Each structure stands twice: as C-alpha cells, then as structure tokens.
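The values are calculated or read from the model by the stated rules, or taken from the named source; none is laboratory data. These figures come from a predicted structure and were not determined experimentally. For neighbour counting, all protein chains shown are included, and Cβ atoms are generated from backbone atoms with ideal geometry for every residue, glycine included. Ligands, DNA and RNA are excluded from the accessible area calculation, which covers all protein heavy atoms including side chains. Shrake-Rupley method; radii C 1.70, N 1.55, O 1.52, S 1.80 Å.
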Amino acid sequence: MSKTNIPYKIYLNEHEMPKQWYNVRADMKHKPAPLLNPQTLKPMTVEELSGVFCTELAKQELDGTTAYIDIPEEIVKFYKMYRPSPLVRAYCLEEKLQTPAKIYYKFEGNNTSGSHKLNSAIAQAYYAKKQGLKGVTTETGAGQWGTALSMACAYFDLDCKVYMVKVSYEQKPFRREVMRTYGASVTPSPSETTEVGRKILAEHPGTTGSLGCAISEAVEAAVGTEGYRYVLGSVLNQVLLHQSVIGLETKAALDKYSITPDIIIGCAGGGSNLGGLISPFMGEKLRGEKNYHFIAVEPASCPSFTRGKFAYDFCDTGKVCPLAKMYTLGSGFIPSANHAGGLRYHGMSAILSQLYDDGLMEARAVEQNAVFEAAEQFARIEGILPAPESSHAIRAAIDEALKCKETGEEKTIVFGLTGTGYFDMVAYEKFNNGEMSDYVPTDEDLKPGFDSLPNI
Ligand SMILES: *Cc1c(COP(=O)(O)O)cnc(C)c1O
C-alpha cells in the first residue's frame, strides 16, 4: 500500500468502538500469581477484597478466565464523549528522522485529565455508583489519576477524596485546583487525618511523601468511612482490563488498513497503559496466531522491570494492602525526584510481571535527559507537547526507527502516547536550562528496598 493511502489519523466511528473489554489473563498459560492476604498469606477472596474495593471490581480483579467482559452502556456513553482516540501516523516524524520505519501513535491526551487514566476512572466510578456507595478515596502522585477520578465522580455524582503526594500538591497547585473544580477534596499526604499518616509523619518529619504513603492513607480513609471504597488508577488487573479499550481500538484501526505492527511500545509505571495497549496483540501472541515485539520503557531512576526482583511485596508503605507478586524494587524503595511522576512506583502490574518473566516482552530503562530530548523533538515536529511519562515511549520509538534507518528495514512501530505535559513545565524548564540530572541508583541504593521485601 502506498504512503498516501493511509491517512494521518485513523479514526473509528462510534459503531466500531469496542463493546467489551478484553481480559488477557484468559489466554495466559501462566496466570499472574494471586493477591495474598497480608495476615493469613492465603489468596484474597472476593469477599475480603470487597471490604476495600467495590464488589464488581473485586470480581474483575480475581477473574482470570473470562476473556471478554461487556462494557456497561453508561460507560460506553461516557467513552463516546472523548473516544475513540486517534491513531496517528507520524509522517512528519518519519520524514524528520529519515527512517524507512512506519510510526504510529495512539494519543490518549485528548481529555481534561490529560491522560489515559479516565478510561478506568469512569469504569470504577460507575461500579461504585451502581453499588450505591457515597464516595471513593484514592491517592494521586503527579495528579493525572486524581483529575481523571474527580471527573468521573462528578459525572456520577459521587464524593471523591484524593490524597495527593505532598511534593506534587505543593509543586502542582493547578492540578489540585482542577480536581477541586470537579468537586473533589484534596489532602496533601502524609497528613494528620489518618493514623498511618500520623505515624509516617512522626517517623519521617518533613517528608514530602510518596505514592506508597498516599495509598496507605487512602485505604485507611475508605475502610474507616461508611459507604466508601478505595480505588486505584494503575497496577491492578481490573485497571488493565479497562485500559484494554486502548489496544482494542488500536487493533481495530490498524485492521481497517490491514496493517500489522512489528513493534509495540509503551511507557511503564504501574503498567496500565502498556498492558491495555498490548493486551489484544499479546492475546494473539499467546494463542500462537501472531508474533509481536513488545517493549516496556521505564525510567532508569525507578527500574522495576530491569533491575527489580520478581517477588511478593507490599503495594503500599503502610503495608495495609494485599501482597502482590510482581517485579518490584521493594515497598521501602523511595525513588529519586525524577520528573515522570506517573512512573515513580516501586512495583509493576502482576500481569505484565508474569508476561515479562515468561520472556514474552522486553523492558528497557532510559535516562531523563534522553527522554526530554525525544519529548522536544516530538513536540517540535508532531505538534503535541507530550507528558514526561509518555516521552519514555517516544524515546524508544525514535531509537527503533533510527535502527531501521541503519538496517533499511521498513518496520511498523506503534507506541502509546499516554498524555500531555502542560502541568510539567517545571520539568521542561529544568531541561531547557540544562539543569536536569540523570540519576541512576547504584546497587547500594537499591539494597534497602530489596531488604524491605517480605520473606515469602
Ligand atoms: C499515570 C501515567 C502513566 C503511567 O501509568 P501506567 O499505569 O504505567 O500506564 C503514563 N503516562 C501518563 C500520562 C500517566 O498519567
């Protein structure tokens, strides 16, 4: 097919949007290891999980066998306001790089949250509402998840309490204000409002917080308040399920033009956008129908896949959440203050961890300056100002396209452009001033995190 036959943007129409989410666990021979109750060390039951999560979401969390799950009509309706998201052929970038590779990106930044997180936020808010709950609690680091959840809760008229990592709360006042505009209450974490927050403050006075701390506070607030449950924006199986809408749309768009990708790339924080993007393609690979090269890209400063251990670990600092078997740096690991807030979590999705351990995907770690170089190159040629998180995927996509330039291979590369970077201008400012550091932890730096792993 000649170049001109493929449009710059491949859109689906409303009727071509997915009506079911795809659960990749159904096709996995080695299922992800079960969540364990931290007290009994036995697999969590739906009943136990329902104390923390909405019941329907607890069921989705533990469902390793149903391949397709209907997307409720109300969620489809909401999706239609900002989806399908475009799959863009990066013709201009290809030309700039002088590469024979064909590059596509799936752009998830076209909604107020500025990221893919709304895909799961709306689903989680829907199930909370359907269960008759009053509200939900959550944590947010960089702020995208908190914003997405605030939007979803406003739509379903649910109360929304957000614990925001203190350093972000102070550095990103506008993110906080967007959440409040959507009706959420935002508390800097650690706070005096929870027992675990008070304990962390007493032990580490002056701490600027971490995602692990904020999770502990949000869980405590949910469990201790009648009519509330806790919701989480990444890592969990249910979140990857909801995010499969990204991959299903991508596949439907590519299929329209009979395009088969060779390489599929995503940034990896907790793994939800990457898991969602690759799910339907991974399903084909698992069933032996097709082969693809999947690449997870993480920051060198928080290298869960590339330097972490595959082990059971706590999901939060306060150790109140179930234990998950995942690639992890240890719940005691505190990442350096890199600028991709959404990628600063110590662990990784159990599904992706298992797939990676089975050799079904590659992972690579990249340093900040190289990431921002790619971000600026992309912004200048493709027009979109990318989120620092997304720019990890851009870096790897450009690197692969440049390899093709050397070898002359005409590979088709698809990557996830998860969001926009308008709230990250402090990071861009650092980069533009030449003040961005490339911190890579030494083995010595990683040791305390590994020492914090439970002995299971
Ligand atoms: C949260 C976030 C990520 C990382 O989260 P995953 O669960 O790994 O997808 C990536 N990009 C953006 C824009 C985000 O907001």
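Brief remarks on what is shown
- Here is the figure for region 384-442: residues that are assigned to a loop (DSSP other than H, G, I, E, B) and more than 23 Å from Thr250 (Cα to Cα) total 11.
- Candidate set: region 105-143, residues that are of a type in the set (S, T, N, Q) and buried (at least 24 other Cβ atoms within 10 Å of the Cβ); chosen: the one nearest to the ligand (Cβ to nearest atom): Ser115
- When we screen Tyr169, Tyr182, Tyr228, Tyr163 for residues that are open to solvent by 10 Å² or more (accessible area, probe 1.4 Å) and touching a residue at least 60 places away in the same chain (Cβ under 8 Å), the only hit is Tyr228.
- Total residues in region 323-347, condition part of a strand (DSSP E or B), of a type outside the set (Ser, Thr, Tyr) and either more than 13 Å from the ligand (Cβ to nearest atom) or at positive phi (or both): 3
- Per this entry, Phe310 is not counted among residues that are under 27 Å from Ala375 (Cβ atoms) and either at pLDDT 95 or above or not in a loop (DSSP other than H, G, I, E, B) (or both).
- Scanning region 233-251 for residues that are of a type in the set (D, E, K, R) and closer than 10 Å to Ser279 by Cβ yields one hit, Lys251.
- Against the list (1) under 30 Å from Met282 (Cα atoms); (2) exposed (fewer than 15 other Cβ atoms within 10 Å of the Cβ); (3) in contact with a Lys or Arg (Cβ under 9 Å, 6 or more places away or on another chain); (4) not charged (D, E, K, R), the condition Thr418 fails is (2).
- Residue match in region 348-356 (condition: within 16 Å of the ligand (Cβ to nearest atom) and either assigned to a strand (DSSP E or B) or over 17 Å from the mean Cα position of the chain (by Cα) (or both)): no
- Among residues of region 260-280 that are on the phi > 0 side of the Ramachandran plot, those with a Cβ under 8 angstrom from a residue that is open to solvent by 10 Å² or more (accessible area, probe 1.4 Å) and near the ligand (Cβ under 8 Å from one of its atoms), sequence gap 6+ or separate chain, pair up as Gly271/Ser234; Gly271/Val235.
- Residue in region 144-156 that is in a loop (DSSP other than H, G, I, E, B) and crowded, with 22+ Cβ neighbours inside 10 Å present: no
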